[in-house]
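Report on one structure; see the data block that follows.
The values are calculated or read from the model by the stated rules, or taken from the named source; none is laboratory data. The shown structure was predicted, so the numbers you read here are calculated from the model rather than taken from an experiment. Please note: Cβ atoms are built from the backbone with ideal geometry, for glycine as well, and neighbour counts cover all protein chains shown.
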Amino acid sequence: MSGNPSGRMPVSRRTVLKGTAAAAGAAMVPGALKMSEARAQDRASTLVIAAPATPQILDSEYDVSLGTFEAVASLYDSLVEFEKKPDEGVPTASREDITDYPDKPGRVNMVGKLAESWEVDPGGTWARFHLRKGVKSNWGNELTAEDVVWTWHRKLALGAIGGFFANTISLKRPEQIKAEGSHTVSFNLDDPNPLLLKLQPNLYNPIYDSTKIKEIATDDDPWGKSFLENDSAGFGPYRLESLVRGQQAVFKARADYYRGKPAMDTVILKEVPTSANRVQLLQGGAVDIAQYLQPLEIIQLRKAANVAVETIPATFMIWIELNAKIEPFGNIDVRRAMNYAFPQEQVIKAVFQGLASPLTGCMPDIYPGFNAAYWEFGKQDLDTARQLIVEAGYADGFTTSLAYNAGDPVQEPTAILFQSALREIGVNLELKKVPAATFYNFVTERGQPMIFYVDSPWCPDPGYSMNLYFHSKSFINYSNYENARVDELIDGAARTADMSARLEMMDEVQKHVMKEAPWVFGVFPNYTMARAADLAGWTYYTSNNMRFQDFHRAG
Amino acid sequence: MTDNSGESANDIAPRAVGAAGRGRLAQSARVAAFLHGSRFLLAVLRVRPLFAVGYGIVIVVVLCAIFAPLIAPYPPETANPDDFLQSPNWRHLLGTDATGMDVFSRIIWAPRIDLTIAMAGTLISAVVGSLIGAAVGYYQESGGVASFFSGFVMRSTDVLQAFPVFVFAIALVAIFGQSLQSIIAAIAFLNIPIYLRLMRSQVMSVRHMRFVEASYVAGTSDRAIIMRHIIPNSMAPVLSQLSVNIGWSVLLTAGLSFVGAGVVAPTPEWGSMIAMGFQNIITGQWWPSVFPGIALAVTVFGFALVGASVEVLADPARRRALVGSLRERPVQEA
């Protein structure tokens, strides 16, 4: 018996306020209530995700937006993947085993996906993949070697993201990819390349159903660009049921998937642009996963009974590009001074609430070959920073500007903390808030003295990472960093499959880069999974996205 | 007033005395007039206490803007990461934001930016809009090229006012770049049609008055008639609009900052402070955005009340009614 004689729910001012707030919250997110009703019907096999955006273009050749990552990962499969292992810090989560294994082929621990076996030249000039038989696409066509050949021909022909990958593994001509029978395909390179196998599991190296695309191809569009923008033709575990951009994407599990039908029959990726609303929906049980939350929201969610929050070290890095072609950042002492002045510890504490670690190197610290020994900046040291500024000839200080992304809530407070620190050494830092829509134009134009950048190299290899950010000819070397010796080492590491020699070369590159400091080294933010407590199976991938096929209801 | 206001007792008094005493008498007359005006204003504020609240708010905000360095306990733009997101306490009366900046100090400093932008934008628009409005109103019915030009100006303002104000302001700031000058220019540009229309309608009635016609017959130039006779006699509605517009401009400035098109962080500005703190409301840290929101609301309310009082005092009929109620008040109280 309750103490309420009427038997009704006691109504207090707080109850009314809570009810009003919940109703307001639901009203803010169109369809939230409807979504809740639908979920109650078939929760066991339905996964609802509150995401910041729906997929824009489904063709991995042309789109790297947030929603597209999840879509590509569920609609397509690659030839091989990294073996998974339990995460050391969070036992309920798994992660890719990207350790360097000197005794394994290609020194990697991989398992087959579309390929059931493979051989790799220890010298790195060829690789041969034997495909599984009986694998069907979402259009019912069987996987053959021709699909793999056509996929790589498409990358070479379109020359966009896939073109970059082809170039990375030294594939220059279509005839270098050969079908050796109906279910065997080989890659044959002119020069040794260490990434021939390692790059295959990359999220953006999916294999297409060439039979379907050839059916719909036209003379004007022989590679099915228009079709793949809005639909899929792959061998992945899901098919696209519907996509209303800006609202939601619905995916259906394929019963004929070669690894068995995924546990989650229906996946709804719902666009909820504001992170606060995503938190509300997860707390209210209207969604199973809330993506990309702010540190304080993550801390708050940890207290919710029906929610599990897992946060683990990831490949994300946040840094500030110091443009070497804009003074005073051509001067190494000034760049080093900026690093000594950066309040890294305070940023991790105040802005990231401890959900990040210091960026103590120039590549992800979970990748093979990372060496933190070259990190010398340690805790904030304004005296050393001031001395370096004076030695560089700026005894009276200088004025510069820092551009930051208005759409990333951690960048503004980080910039303000940095501004206050620099003021103490006579550097006047002007802050430039750039709308999210145009921020990446600012980055690629390389016209700012200082600009934030967030990235993660998707291949767990030191040569791949160094080439991206520090080779003078790299298209994403946004700090305009140039060092002939660094270029020489990176080029050398790209032409040999001898991993021991490559690790040595990349170690030297790290030494040069850390000494010359082309970045203000920021933080490694953790990757966080905020999910319903009964959802299990989460695996962390180096591409920092989730895969629907991993999830199931616990118990 | 110059032409049609008639002579007051204060104007006549100097004529009755010799030249030597004229200056002293004039001065004491001005003092008497001031005291009379002050007494009148105090009486009005007693009858309409909301007006007093409005003046009080505006005075406090202006004093904050002037004496911010003396009042604020902390520098407004210096982050202190050791004190981030502290709830209101004795050391930080209104708490701190995500970077440890003192919310109270920033609220005190904010009127410097908000009022500067709002007052500069409003004054520029009032001057430019009034001048154009006076010319348009004066020539509206004169026929010929001048009349055509007046029509063209009015249709242009129609087009300008057809755009949603806030979106238009964002577009202007985006085009001219994010700076204090751009925001002032955007506010001035958006407000010009308001003053233009007010002045034009007023001028169209004033220009038919006898003293204007007399001046015209006397051979005074159009420019002199407009500047000396028409504009001074058409200013009342413009003046009453000023205060309301300053409040509205403060709101627009804050809105622009909230969407990221206004002042640059960490400049202390109420809208920018709300934008920096609103994400923390859901996680329980309401103070970085709620207190600046309250300051903004109270300030706009204050200027609206002052605008309402000016509207009453500048309107002869409503002023007479108010004076009437002042005379009746002691009787009613008795």
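How many of the residues in the range A:459-497 are of a type outside the set (Ser, Thr, Tyr) and within 23 Å of A:Glu96 (Cα to Cα)? Let's see the steps before the verdict.
At the first step, the residues of the range A:459-497 found to be of a type outside the set (Ser, Thr, Tyr) are A:459-463, A:466-468, A:470-471, A:473, A:475-477, A:480, A:482-495, A:497.
Filter once more, keeping what is within 23 Å of A:Glu96 (Cα to Cα): A:459-463, A:466-468, A:497.
Total meeting the criteria: 9.
Which members of the range A:456-488 meet the condition of being within 19 Å of A:Leu503 (Cβ to Cβ) and of a type in the set (A, V, I, L, M, F, W, C)?
Residues satisfying the conditions are A:Cys459, A:Met466, A:Leu468, A:Phe470, A:Val486.
With in contact with a His (Cβ under 9 Å, 6 or more places away or on another chain) and of a type outside the set (Phe, Trp, Tyr) as the only criterion, which of A:Met363, A:Met264, A:Met317 stands out?
Numbers: A:Met363 fails: in contact with a His (Cβ under 9 Å, 6 or more places away or on another chain); A:Met317 fails: in contact with a His (Cβ under 9 Å, 6 or more places away or on another chain).
On inspection, the qualifying residue turns out to be A:Met264.
For A:Leu402, only one of the following conditions fails: (1) assigned to a strand (DSSP E or B); (2) touching a residue at least 60 places away in the same chain (Cβ under 8 Å); (3) within 14 Å of chain B (Cβ to nearest Cβ); (4) closer than 23 Å to A:Pro52 by Cα. What is its number?
So A:Leu402 meets the others, but not (4).
Is at least one residue of the range A:492-501 surrounded by 23 or more Cβ atoms within 10 Å (Cβ to Cβ), touching a residue at least 12 places away in the same chain (Cβ under 8 Å), touching a Ser or Thr at 6+ places or on another chain (Cβ under 7 Å) and in the same structural domain as A:Lys379 (by TED's automatic domain parsing)?
No; the residues of the range A:492-501 include none that is surrounded by 23 or more Cβ atoms within 10 Å (Cβ to Cβ), touching a residue at least 12 places away in the same chain (Cβ under 8 Å), touching a Ser or Thr at 6+ places or on another chain (Cβ under 7 Å) and in the same structural domain as A:Lys379 (by TED's automatic domain parsing).
How many residues are within 12 Å of another protein chain (Cβ to nearest Cβ) and more than 21 Å from B:Leu172 (Cβ to Cβ) if we restrict to the range B:231-267?
Result for the range B:231-267: 1.
Hey, does the range B:218-232 have a residue that's touching an Asp or Glu at 6+ places or on another chain (Cβ under 7 Å), assigned to a helix (DSSP H, G or I), surrounded by fewer than 18 Cβ atoms within 10 Å (Cβ to Cβ) and assigned by TED's automatic domain parsing to the domain that holds B:Ser150?
No, the range B:218-232 contains no residue that is touching an Asp or Glu at 6+ places or on another chain (Cβ under 7 Å), assigned to a helix (DSSP H, G or I), surrounded by fewer than 18 Cβ atoms within 10 Å (Cβ to Cβ) and assigned by TED's automatic domain parsing to the domain that holds B:Ser150.
One residue is enough: does the range A:433-445 have a residue meeting the conditions of a type in the set (A, V, I, L, M, F, W, C), at pLDDT 95 or above and buried (at least 22 other Cβ atoms within 10 Å of the Cβ)? Please lay out each step first, then the result.
Of all residues in the range A:433-445, those of a type in the set (A, V, I, L, M, F, W, C) come to A:434, A:436-437, A:439, A:442-443.
Next, from what is left, pick out any that are at pLDDT 95 or above: none.
Within the range A:433-445, none of the residues are of a type in the set (A, V, I, L, M, F, W, C), at pLDDT 95 or above and buried (at least 22 other Cβ atoms within 10 Å of the Cβ).
Within the range A:178-189, is even one residue in contact (Cβ under 8 Å) with a residue 40 or more places away in the chain, part of a loop (DSSP other than H, G, I, E, B) and within 28 Å of A:Asn467 (Cα to Cα)?
Here is the first cut: in the range A:178-189, the residues in contact (Cβ under 8 Å) with a residue 40 or more places away in the chain are A:180, A:183-189.
Adding the requirement that they be part of a loop (DSSP other than H, G, I, E, B) leaves A:180, A:183, A:189.
From what is left, the residues that are within 28 Å of A:Asn467 (Cα to Cα) are A:189.
Yes: one or more hits.
Find the residue count for the range A:388-399, including only residues that are assigned to a helix (DSSP H, G or I) and not charged (D, E, K, R). Reasoning before the result, please.
Residues of the range A:388-399 that are assigned to a helix (DSSP H, G or I), as a first pass: A:388-391.
If we keep only those that are not charged (D, E, K, R) as well, we get A:388-390.
The number of residues fulfilling the criteria is 3.
Restricting attention to the range A:408-419, and to residues there that are outside any helix (DSSP H, G or I) and more than 9 Å from every other protein chain (Cβ to nearest Cβ), which single residue is surrounded by the fewest Cβ atoms within 10 Å (Cβ to Cβ)?
Start the filter on the range A:408-419 by keeping residues that are outside any helix (DSSP H, G or I), which leaves A:408-410.
If we keep only those that are more than 9 Å from every other protein chain (Cβ to nearest Cβ) as well, we get A:408, A:410.
Working: A:Asp408: 16, A:Val410: 22.
Residue satisfying both the conditions and the ranking: A:Asp408.
Do any residues in the range B:98-113 that are more than 14 Å from every other protein chain (Cβ to nearest Cβ) and farther than 15 Å from A:Leu417 by Cβ have Cβ atoms under 7 Å from those of residues that are surrounded by 24 or more Cβ atoms within 10 Å (Cβ to Cβ) and aromatic (Phe, Trp, Tyr), where the two are at least six apart or on different chains, and which pairs are they?
Note: pairs meeting the criteria are B:Ala110/B:Trp270.
If you take the residues of the range A:231-267 that are β-branched (Val, Ile, Thr) and either assigned to a loop (DSSP other than H, G, I, E, B) or surrounded by fewer than 22 Cβ atoms within 10 Å (Cβ to Cβ) (or both), which of them is nearest to the other protein chains (Cβ to nearest Cβ)? Walk me through it before giving the result.
Initial filter on the range A:231-267 (β-branched (Val, Ile, Thr)): A:244, A:250, A:266-267.
Checking the rest, the ones that are also either assigned to a loop (DSSP other than H, G, I, E, B) or surrounded by fewer than 22 Cβ atoms within 10 Å (Cβ to Cβ) (or both) come to A:244, A:250, A:266.
Numbers: A:Val244: 25, A:Val250: 28, A:Thr266: 29 Å.
The qualifying residue nearest to the other protein chains (Cβ to nearest Cβ) is A:Val244.
Where residues in the range B:281-300 are farther than 20 Å from B:Ala118 by Cα and hydroxyl-bearing (Ser, Thr, Tyr), which of them is nearest to the other protein chains (Cβ to nearest Cβ)?
B:Thr283
For residues in the range B:174-183 being closer than 16 Å to B:Thr116 by Cβ and part of a helix (DSSP H, G or I), which is farthest from the other protein chains (Cβ to nearest Cβ)?
B:Gln181
Let me spell it out: the conditions are (1) without any contact (Cβ under 8 Å) to a residue 40 or more places away in the chain; (2) more than 14 Å from chain B (Cβ to nearest Cβ); (3) under 23 Å from the mean Cα position of the chain (by Cα), and A:Gly330 meets all of them except one. Which number is the exception?
It fails just one condition, (3).
Might you let me know whether the range A:203-221 holds any residue that is surrounded by fewer than 20 Cβ atoms within 10 Å (Cβ to Cβ) and touching a Leu at 6+ places or on another chain (Cβ under 8 Å)?
The first filter runs over the range A:203-221 and keeps only residues surrounded by fewer than 20 Cβ atoms within 10 Å (Cβ to Cβ), leaving A:211, A:214-221.
Next cut, touching a Leu at 6+ places or on another chain (Cβ under 8 Å) only: none.
Among the residues of the range A:203-221, not one is surrounded by fewer than 20 Cβ atoms within 10 Å (Cβ to Cβ) and touching a Leu at 6+ places or on another chain (Cβ under 8 Å), which makes the answer no.
Looking only at the range A:420-475, which residues are within 21 Å of the chain's Cα centre (by Cα) and in a strand (DSSP E or B)?
Once the filter is applied, which keeps residues that are within 21 Å of the chain's Cα centre (by Cα) and in a strand (DSSP E or B), the range A:420-475 yields A:Ile451, A:Phe452, A:Tyr453, A:Val454, A:Asp455.
Go through the range B:259-317 and count every residue that is polar (S, T, N, Q), under 19 Å from A:Leu417 (Cβ atoms) and touching a residue at least 24 places away in the same chain (Cβ under 8 Å).
Number satisfying all stated conditions: 3.
Would you please list the contacts, defined by Cβ atoms under 6 Å and residues six or more apart or on different chains, that run from a residue in the range A:406-422 that is at negative phi and not assigned by TED's automatic domain parsing to the domain that holds A:Asp383 to a residue that is polar (S, T, N, Q) and assigned to a helix (DSSP H, G or I)?
Nothing qualifies.
Starting from the range A:289-304, keep only residues that are within 17 Å of A:Asn545 (Cα to Cα) and within 10 Å of chain B (Cβ to nearest Cβ), then list their pairs with residues that are surrounded by fewer than 17 Cβ atoms within 10 Å (Cβ to Cβ) and not polar (S, T, N, Q) whose Cβ atoms are within a distance under 9 Å, requiring at least 6 positions of separation or different chains.
none
May I ask you to list the residues in the range B:240-266 that are touching a helix residue (DSSP H, G or I) at 6+ places or on another chain (Cβ under 6 Å) and under 20 Å from B:Pro75 (Cβ atoms)?
Once the filter is applied, which keeps residues that are touching a helix residue (DSSP H, G or I) at 6+ places or on another chain (Cβ under 6 Å) and under 20 Å from B:Pro75 (Cβ atoms), the range B:240-266 yields B:Ser257, B:Val263, B:Ala265, B:Pro266.
Only one of A:Leu143, A:Leu114, A:Leu75, A:Leu79 is modelled with pLDDT of 95 or more, in contact with a Phe, Trp or Tyr (Cβ under 7 Å, 6 or more places away or on another chain) and under 30 Å from A:Pro273 (Cα atoms). Can you tell me which? Working first, answer last.
Numbers: A:Leu143 fails: under 30 Å from A:Pro273 (Cα atoms); A:Leu114 fails: under 30 Å from A:Pro273 (Cα atoms); A:Leu79 fails: under 30 Å from A:Pro273 (Cα atoms).
Answer to the selection: A:Leu75.
Could you figure out which of (1) surrounded by fewer than 23 Cβ atoms within 10 Å (Cβ to Cβ); (2) within 14 Å of chain B (Cβ to nearest Cβ); (3) of a type outside the set (Ser, Thr, Tyr) isn't true of A:Gln344?
Failing condition for A:Gln344: (1).
Any chance you could count how many residues in the range B:67-94 are in contact (Cβ under 8 Å) with a residue 24 or more places away in the chain and within 14 Å of chain A (Cβ to nearest Cβ)? Give the steps one after another, and end with the answer.
Of the residues in the range B:67-94, the ones in contact (Cβ under 8 Å) with a residue 24 or more places away in the chain are B:68, B:71-77, B:79, B:85, B:87-88, B:94.
Then keep just the ones that are within 14 Å of chain A (Cβ to nearest Cβ); that gives B:74-77, B:79, B:85, B:87.
Matching residues across the range B:67-94 total 7.
What's the number of the only condition in (1) touching a Pro at 6+ places or on another chain (Cβ under 7 Å); (2) within 17 Å of A:Gln510 (Cα to Cα); (3) of a type outside the set (Ser, Thr, Tyr) that A:Trp319 fails to meet?
(1)
Would you confirm whether any residue within the range B:256-264 is assigned by TED's automatic domain parsing to the domain that holds B:Ala186, over 13 Å from A:Ala406 (Cα atoms) and surrounded by fewer than 22 Cβ atoms within 10 Å (Cβ to Cβ)?
The answer is no, given that none of the residues of the range B:256-264 is assigned by TED's automatic domain parsing to the domain that holds B:Ala186, over 13 Å from A:Ala406 (Cα atoms) and surrounded by fewer than 22 Cβ atoms within 10 Å (Cβ to Cβ).
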